[in-house]
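See below for the structure under consideration.
The values are calculated or read from the model by the stated rules, or taken from the named source; none is laboratory data. Because the structure is a prediction, the values reported are computed rather than measured. Note that each Cβ is placed from the backbone with ideal geometry, even for glycine, and that neighbours are counted across all protein chains shown. What goes into the accessible areas is simple: the full protein's heavy atoms, side chains included, and nothing from ligands, DNA or RNA. Shrake-Rupley method; radii C 1.70, N 1.55, O 1.52, S 1.80 Å.
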Amino acid sequence: MSHYLVLSSLLFTIGAVGVLTRRNAIVVFMCVELMLNATNLAFVSFAKLHGNLDGQIIAFFVMVVAAAEVVVGLAIIMTIFRTRRSSSVDDANLLKY
Amino acid sequence: MVTFWILAVVSVAAALGMIFQKKAVYSALLLAIVMLCLAALYAVQDAPFLALVQVIVYTGAVLMLFLFVLMLVGVSTTDSLVETISGQRLWAGIAGLGFGGLLVFGFGSAVFSEDVGLAAANAEGNVVGLARLIFGRYVFAFEVTSALLITAALGAMVLAHKERARPKATQRELSEERFKSGTHPGNLPASGTYARHNAVDMPALLPDGSVSELSLNPVLTGRGDDPAERHTDLGGVSEAEAIEEDLKAVQETQQ
């Protein structure tokens, strides 16, 4: 049981370090996806531990929300890229103009 | 257990590669490996529905969307190595190690009860069990999800929409612009079509018999090789001589 959670926490940590260090907005976004996936693994593991399917349902909802988030997030990245010709998170330091 | 260790090593290695890889496309492909490994881990843990949804939604839809956007933004975009905040990488690494250590040792020392297992919950089949919960206890959350998806789709459409800066030019405006530009408004003269030659690398002839430079393809003339080698019908003579022969033949018929 605990080894699944250790794997999940390792993946979550790697994703968090990626969010902190990478500058490309798309890669930052992929790291966020990695963190979401890591939590899903923990949910599925806990579902097996407790012997009910609620954990799997939550993981399913996380996937739905992640899909919606990706659509909007990538659209925002595209809009910023169109105006600034850059996808670096350092360049988008003003909310307007 | 063997499955777990293989997949765990592969997924952690791929995740590490993802954050250290300079090119965003490689990061996306490594993320695909992590997601496929997680799908297999779900399948091992009695969650076949989630395993398939993981493959279809994450590796199928979300990652392809990432690759599409990478294609639009430019595949070759790499991270700049300049740190905006000095020492950010170092401190992020230290914070990551601390956070990871905290989680790993926390879970490592926690005492878990024995796995209950999903044999009872999956008695009717995993999909049926999930459906009973989604359309039963979680039906309200499920309905709210539909509103979320519609909002996300609308938001993406609004963000991706681009207003025209000026109205679309009509055919009349395009034509006027072309004539006012002062350069030759019509088509360029077509390359030579003679009695004996019909090829794009043969120049068109002006009424006085001279060669029209406009009709020559700049790429073909830039190659600088001898057209006599490409055309067997030139009879081994150079282009200019062949043209002269053609002209002579035409003048003779007119006399």
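Assuming a ≥ b ≥ c are the square roots of the Cα gyration tensor eigenvalues, decide whether chain A counts as rounded (a/c under 1.5), prolate (otherwise, with a/b larger than b/c) or oblate.
On the way: a/c = 4.78, a/b = 2.12, b/c = 2.26.
Oblate, since a/c reaches 1.5 and b/c is not below a/b.
Counting protein heavy atoms only and a 1.4 angstrom probe, how many square angstrom of accessible surface do chains A and B bury in total, to the nearest 100? The partial results should precede the final answer.
Values: alone 6970 and 20000 Å², together 20250 Å².
Adding both sides of the contact gives about 6700 Å².
Which whole-number value in Å² is the accessible area per residue of the range B:50-171, probe 1.4 Å? Walk me through the intermediate numbers first.
On the way: 8340 Å² over 122 residues.
Dividing the accessible area of the range B:50-171 by its residue count gives 68 Å².
Apply the membrane-span-like helix rule to chain B: whole DSSP H runs, Cα extent along the own long axis of at least 20 Å, mean Kyte-Doolittle hydropathy at least 1.6. List the helices found. Could the numbers behind the result be given before it?
Details: long enough: B:2-20 (27 Å, 2.38); B:24-44 (30 Å, 2.46); B:88-109 (31 Å, 1.06); B:139-160 (32 Å, 2.02); B:239-254 (23 Å, -0.92).
Once both thresholds are applied, what remains is B:2-20, B:24-44, B:139-160.
Of the accessible area of the protein assembly as shown, with the probe set at 1.4 angstrom, what percent is carbon plus sulfur?
Values: 13550 of 20250 Å².
Its accessible area is 67 percent carbon and sulfur atoms.
Name the lysines eligible as straight-distance cross-link partners of B:K180: C-alpha to C-alpha under 26 Å, and not fewer than 8 places from it in the same chain.
Answer for B:K180, where 26 Å is the Cα cut-off: B:K168, listed by chain and number.
Rounded to the nearest 0.05, what FRET efficiency do B:M64 and B:L97 give with R0 = 22 Å and r taken as the Cβ-Cβ distance? Could you check?
My answer for the efficiency is 0.10.
Hey, got the average number of other protein chain Cβ atoms within 10 angstrom for residues in B:112-121? Let's see the in-between values first.
Values: counts 6, 3, 2, 6, 6, 4, 10, 1, 2, 8.
Average per residue, whole number: 5.
Sorted by average packing, counted as other Cβ atoms within 10 angstrom per residue and highest first, what order do B:57-70, B:85-98, A:40-53 take? The partial results should precede the final answer.
Working: B:57-70: 18.6, B:85-98: 12.7, A:40-53: 21.6.
Ranked from most to least packed, the peptides come out as A:40-53, B:57-70, B:85-98.
Using 0.36 nm per residue of separation minus the Cα-Cα distance, give me the extension gain between B:I85 and B:A153 in nm, one decimal.
On the way: separation 68, 0.36 × 68 = 24.48 nm, distance 3.57 nm.
Answer, rounded to one decimal: 20.9 nm.
Using only atoms on other chains, find how many Cβ atoms lie within 10 Å of each Cβ of peptide B:14-21 and report the average.
Numbers: counts 3, 12, 5, 1, 8, 13, 5, 2.
Going residue by residue through B:14-21 and averaging, the value is 6.
Could you work out [θ]222 nm for chain B from helices alone, using -39500 (n - 2.57) per DSSP H run of at least four and dividing by all its residues? Round to the nearest 500 deg cm²/dmol.
Details: 11 runs with 146 residues, N = 255.
For chain B, the value works out to -18000 deg cm²/dmol.
Using the alpha carbon gyration tensor of the protein assembly as shown, what are the three equivalent-ellipsoid semi-axes (square root of 5 times each eigenvalue), largest first, in whole Å? Before the final figure, lay out the partial values.
Numbers: eigenvalues 829, 114, 108 Å².
Each semi-axis is the square root of five times an eigenvalue, giving 64, 24, 23 Å.
Rounded, prolate or oblate, given the Cα gyration tensor of the range B:71-164, with a/c below 1.5 counting as rounded?
Values: a/c = 3.13, a/b = 1.17, b/c = 2.68.
Oblate shape, in that a/c is at least 1.5 and b/c is the bigger or equal ratio.
What number, in percent, do you get for the relative contact order of the range B:104-220 if the mean sequence gap of Cα pairs under 8 Å and at least 6 apart is divided by its residue count? Could you put the intermediate results ahead of the total?
On the way: 54 pairs, mean separation 12.6, N = 117.
Reported as a whole number, the value is 11 percent.
Which whole number gives the average count of other chain Cβ atoms within 10 Å of the Cβ atoms across peptide B:99-105?
Values: counts 5, 9, 2, 2, 7, 7, 2.
Other-chain Cβ atoms within 10 Å of each residue's Cβ, averaged: 5.
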